[in-house]
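This report refers to the structure that appears directly beneath it.
Nothing in this text is a laboratory measurement; each read-out follows from the coordinates by a stated rule. Here the structure is a predicted model, which is why all the values come from computation and not from measurement. Cβ sites come from the backbone with ideal geometry, for glycine too, and all protein chains shown count toward neighbours.
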Amino acid sequence: HQDLHSQLKEFIPEQQERLKKIKSEYGKVQLGNITVDMVLGGMRGMTGMLWETSLLDPDEGIRFRGMSIPECQKLLPAARPGGEPLPEGLLWLLLTGKVPTKDQVDALSKELRSRAAVPDHVYKAIDALPSSAHPMTQFATGVMALQVDKLKILTVTKQTKCVDNSLLIKSTLGKMGSLWVGAMLSVGKYFADPAAFLKPLASGDWLTNCVKCLKGVQSEFQKAYENGIHKSKYWEPTYVDSLNLIAQVPVVASYVYRRMYKNGQVVPMDDSLDYGANFAHMLGFDSPDMLELMRLYVTIHSDHEGGNVSAHTGHLVSDSILVASALSDPYLSFAAALNGLAGPLHGLANQEVLLWIKSVVDECGENITTEQLKDYVWKTLKSGKVVPGFGHGVLRKTDPRYMCQREFALKHLPDDPLFQLVSKLYDVVPPILTELGKVKNPWPNVDAHSGVLLNHYGLTEARYYTVLFGVSRSIGICSQLIWDRALGLPLERPKSVTMDWLEDYCKKS
Ligand code: NMX
Ligand code: MLT
């Protein structure tokens, strides 16, 4: 059996060649016309980005490397016969385009567990925030702090001194030797005035501090970049960072949950569990159905092609690497993506849906009639709010991610009163949104359903839900990030224009 890294190493050169051929043979082929509506309408319908891991069809929904959600449920390895797919299997599929065997997925689960250690300073960074801070803020802070995770204190054997803003090192730095001398000299890139930066420290101290600081700001990618890695090899350290990040995020996310809602009592990882199950376990949920739900949840939330706010943000920020303008490694890119996911029209909608459903129950009770429900929907719309969980920027039919969660509910919790309310909303909301006359897609999206499932198994804290979405999305965003580097995708920099420009252009044409 080939492992993930070897399979990817084989696949990447083929795809590099393929991209070269597309560029040289079809570079001038037009993919459509850009209209003023598109420029003013958030670039809807403009094809402008390469995203290898998944593709969204407006009617059919998402396909991961060509596979629909029902196909993934059927073909990807599961923890139990006929059970929900293991997210590790999806990660494999996104990266290699191939369906892994159960043995390969088990080996990947093990590898991810071995990469999951989270340094103490990450918890300290989260603890520095009030526990009332939104869980997404705490989570994104933790992810940012993960970027500083390679902290090692070296023993400094001799003194050093600072000359004319450059660093002269008169020491033997243990085994690291010249590597560290090079690294130390590059400190000037980070601090405009290294001498000023070092001044407050006693001469014996500053090297240690400087080493700590320098070592601490670098991901594997950043370190390799600083050491002059050839661009054809960028994907390798990005792969290491990405796998580490995917492995670490459930640990950070569950810390936030336990800190906020369970008096800080952390549940350690269980070495016998797979990725999704371990996440549920670390949150404090061990029922077999909840483990299955989490496997399904992480799988279906992982990726939704490239133009959604979080994926696009991660991709955009990471692409700056190529000109070294932002030095954004996978940690920084993914933290940026999380900040996009935290908006109510994107990932935060899952929180909004459960809060909204609960407000319906508070006002009208659980046995709400269809007429009462219609009135409540109209009241929401008339107060200038959206009905959360309905509509989509690309989809024009019911989201297949909604449908598979509905099937899960029908199988495991058909009598849950909130699930029944969600089912009723499926009948009531689309005709009302259609009646508004402006909503392009009146059908429910993924967020309309996830909250009631989690709520059923005891994960009732709606404000936390977007963190679960975020953990899942690390898989999709990081997979594409590796491909961004492997294919050498360029800096993204679309052109913008002013209203003056648009008016002049349109009058002339
Ligand atoms: N409730 C009320 N109005 C809506 C809704 C809705 N669910 N969906 C769209 N509209 C309105 C929209 O606000 C816009 O109004 P206006 O012209 O006054 O600004 C009009 O309909 C046209 O919007 P669309 O072109 O249909 O949708 P767009 O692509 O702009 O936005 C969403 C897509 C998803 C942002 C939008 O449907 C929405 O706000 N839905 C509710 C929030 C939600 O569920 N978001 C989660 C999306 C999935 N995810 O996880 O990210
Ligand atoms: C997503 O999963 O990212 C959302 O459905 C939003 C989108 O695709 O635009």
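Taking a straight line from the alpha carbon of K508, these aspartates and glutamates sit under 20 Å away, with near neighbours fewer than eight places off in the same chain left out: D37, D500.
Excluding same-chain residues fewer than 8 positions from K23, which aspartates and glutamates have a Cα within less than 16 Å of its Cα? Straight-line reach from K23, under 16 Å: E14, E52, D484. For segment 34-131, the dipole from Cβ point charges (+1 on Lys and Arg, -1 on Asp and Glu) about the Cα centre works out to 280 debye, to the nearest 20.
Straight-line cross-link reach from K124 at under 15 Å between alpha-carbon atoms covers these aspartates and glutamates, not counting any fewer than eight positions away in the same chain: D149. When segment 458-504 is described by a simple charge dipole with +1 on each Lys and Arg Cβ and -1 on each Asp and Glu Cβ, the residue from S474, T498, G488 located farthest towards its positive end is S474. Treating each Cα of segment 406-509 as an identical point scatterer and summing with the Debye formula, the log10 of I(q)/I(0) at q = 0.22 Å⁻¹ comes to -1.12. Here the Debye sum runs over all C-alpha atoms of segment 3-44 as equal scatterers in vacuum, and log10 of I(q)/I(0) at q = 0.18 Å⁻¹ comes out as -0.69.
Taking 7 Å steps out from each Cα toward its Cβ at D289 and R115 produces label points 3.4 nm apart. Taking the Cα atoms of segment 286-411, the ratio Rg/Rh between the radius of gyration and the Kirkwood radius comes to 1.06.
A cut-off under 14 angstrom between Cβ atoms defines the neighbours of A462, and their net charge, with Lys, Arg +1 and Asp, Glu -1, is -2. Here's how it looks for D57: its modeled amide H is under 5 Å from those of I62, R63, which are all 5 or more places away or on a different chain. So if R0 is 45 Å, what FRET efficiency would S24 and K358 give, r being the distance between their Cβ atoms, rounded to the nearest 0.05? E(calc), rounded to 0.05, equals 0.20. What the Cβ-Cβ distance of K440 and K385 gives, at R0 = 25 Å and to the nearest 0.05, is a FRET efficiency of 0.90. Note on segment 349-460: Cα Rg divided by 2.2 N^0.38 Å, N the number of residues, gives 0.99. Charged neighbours of L348, selected by a Cβ distance under 10 Å, balance to -1 (K, R count +1; D, E count -1). Other residues lying with their Cβ under 10 Å from the Cβ of Q2 contribute a combined charge of 0, Lys and Arg counting +1, Asp and Glu -1.
Go through K110/K411; K374/K397; K20/K223; K28/K495; K358/K382; K102/K231 and tell me which ones have a Cα-Cα distance over 23 Å in this structure. List each step's numbers first, then the result.
Working: K110/K411 30 Å; K374/K397 21 Å; K20/K223 28 Å; K28/K495 18 Å; K358/K382 19 Å; K102/K231 34 Å.
Flagged as over cut-off: K110/K411; K20/K223; K102/K231.
Of interest is the spacing of the C-alpha centroids, which for segment 360-420 and segment 76-142 amounts to 29 Å.
Here the Karplus curve 6.51 cos²θ - 1.76 cosθ + 1.60, taken at θ = phi - 60°, turns the phi angles of segment 78-94 into couplings of 10, 6, 10, x, x, x, 6, x, 7, x, 4, x, 5, 4, 4, 4, 4 Hz, with x standing for Gly and Pro.
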